[in-house]
Structures are given as structure tokens and as C-alpha cells.
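Okay, so here's the structure we're looking at.
The values are calculated or read from the model by the stated rules, or taken from the named source; none is laboratory data. A quick note: this is a predicted structure, and the numbers were derived from the prediction, not measured. Quick reminder, even Gly has a Cβ in these numbers, built from the backbone with ideal geometry, and neighbours come from all protein chains shown. What goes into the accessible areas is simple: the full protein's heavy atoms, side chains included, and nothing from ligands, DNA or RNA. Shrake-Rupley method; radii C 1.70, N 1.55, O 1.52, S 1.80 Å.
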Amino acid sequence: MDFSELAKNRCSIRKFLPDPIPEEDLREIIETAGRAPSWKNTQTWRFIAVTDPAKIEALVQIPWMEKAVNRWAKYAPMLLVACAVPGESGVYNGIDYRYVDVAIAFDHLTLKAWEMGYGTCWLGVYDEETVQRELGIPREVKVVAMTPLGRPLPDYKPREKKRKTFDEIFKRDRW
């Protein structure tokens, strides 16, 4: 699959087969994420793979939210947690690049997973203190995102989302 096709077809998956992720597939996905560009090549990202179903369920529940936004994620065979280590990136023009760095690596991860036949769904809403406590993450390390990882159910068809046009997202010389 060429990159344009990959980027066009990748979508968020919310229904998974229970099959475990082979170690060699996980390694390939994480190594691809690790090749992402970063501020001065600092590579501030760290990834944690969680496979214990009870722990996954604890991590995706959000006690302070009325709606169960992420509870479906507990059915994936793995949850990947992306973290940013403080002091391993820079701040310029008010932008803390550790978040940008992790986001780029996380995007590499989701695209590589899709290329290999795995589904992901970027989870940006979670209880950071719970995730840090359950996984032994130091308080100063920021949890940036999480994603379930697994093979999509064969009959699962996510709804198609409208994308903005070229003219809506591109400007030349001026806003």
C-alpha cells in the first residue's frame, strides 16, 4: 500500500478481535514510531503496552465523566500508552515540543499499525492520575495519548467522515 492510500484509508477502529498481538508485530510498530522526527532528535516518547484486560478496563474508565466515552476500548487485546519525558525536548515560541514530538511518533504508530492490518483509535480523554498510578509512571512524565490496538472485527465498518477540501485547509502567502 503506498502512503497516500494508507493515509486516505486509515480510520479509527472501535471493535476488535480478541487475538493477541505477536511480539514481532508490536516491535515493528513501535520501532516505526521511534523513527519519527523530533526536536533536536531528542525522541522524548516512551510507549507502554498493556495487555491485562482488568488493567485496560481500569485505564479507559473515566470516573469524572458522565458518558462512558472509552469503555469500548477494553475489548482490544492491547492498549498502548504514549508518554513524554520532561526535559527531553524544547520549548520555542511558547510551544512545548515534547507534545508535538509524541504526537508525530503516535501518528507513525497508528499508520504503521494500519498498514499491518491493525486498528487503533486515538484516545485523548483519560484520567492521567489513574494511568500514572496504575502503570507506575512518574508524576513528571506526561501521558499524551492512548490507543487500543488489535485486528478490527471483519464486519466492522466505521462511519465515513467528511474531510475538509484542499481549499479549506491550504492558503498561499496569506491567511
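Quick one: Ala76 ticks every box in (1) small (Gly, Ala, Ser); (2) surrounded by fewer than 22 Cβ atoms within 10 Å (Cβ to Cβ); (3) within 21 Å of Pro158 (Cβ to Cβ) bar one, so which box is it? Condition not satisfied by Ala76: (2). Write out, first by first residue and then by second, each pair whose Cβ atoms fall under 8 Å of each other, whose residues are 6+ apart or on separate chains, and whose first residue, in segment 1-26, is within 17 Å of Pro53 (Cβ to Cβ) and among the aliphatic types (A, V, I, L, M) while the second is outside any loop (DSSP other than H, G, I, E, B) and open to solvent by 90 Å² or more (accessible area, probe 1.4 Å). Note: no pairs meet the criteria. Close contacts from segment 149-175, counting a first residue that is closer than 24 Å to His108 by Cα and modelled with pLDDT of 90 or more and a second that is open to solvent by 100 Å² or more (accessible area, probe 1.4 Å) and assigned to a strand (DSSP E or B), with Cβ to Cβ under 7 Å and a gap of 6+ residues or different chains, come to none at all. Every listed requirement among (1) assigned to a loop (DSSP other than H, G, I, E, B); (2) more than 18 Å from the chain's Cα centre (by Cα) is met by Ile62 save one, (2).
Taking the criterion of being open to solvent by 80 Å² or more (accessible area, probe 1.4 Å) and part of a helix (DSSP H, G or I), the only residue of segment 28-37 that qualifies is Glu31. Against the numbered list (1) over 24 Å from Arg159 (Cα atoms); (2) at pLDDT below 95, Ala68 comes up short only at (1). Tallying residues that are within 20 Å of Ile21 (Cα to Cα) and open to solvent by 30 Å² or more (accessible area, probe 1.4 Å) within segment 118-163 yields 8. If you filter segment 114-144 down to residues that are within 17 Å of Arg46 (Cα to Cα) and assigned to a strand (DSSP E or B), you find that the one that is nearest to the chain's Cα centre (by Cα) is Leu123. Residues being touching a helix residue (DSSP H, G or I) at 6+ places or on another chain (Cβ under 8 Å), surrounded by 15 or more Cβ atoms within 10 Å (Cβ to Cβ) and more than 17 Å from Ala33 (Cα to Cα): count how many of those fall in segment 84-106. Total meeting the criteria: 1. Of the numbered criteria (1) buried (at least 20 other Cβ atoms within 10 Å of the Cβ); (2) at pLDDT 95 or above; (3) in a helix (DSSP H, G or I), the one Leu111 fails is (1).
Scanning segment 129-154 for residues that are of a type in the set (Asp, Glu) and farther than 24 Å from Leu26 by Cα turns up Glu129, Glu140. Filtering Asp25, Asp19 for residues that are surrounded by fewer than 12 Cβ atoms within 10 Å (Cβ to Cβ) and either within 13 Å of the chain's Cα centre (by Cα) or charged (D, E, K, R) (or both) leaves a single hit, Asp19.
All of Lys40, Lys8 fail the test of being closer than 30 Å to Gly87 by Cβ and either among the basic types (Lys, Arg) or surrounded by fewer than 11 Cβ atoms within 10 Å (Cβ to Cβ) (or both), apart from Lys40. I'd like the residue in segment 43-58 that is touching a residue at least 12 places away in the same chain (Cβ under 8 Å) and assigned to a loop (DSSP other than H, G, I, E, B) and, out of all such residues, is surrounded by the most Cβ atoms within 10 Å (Cβ to Cβ). Filtering first and then ranking leaves Thr44.
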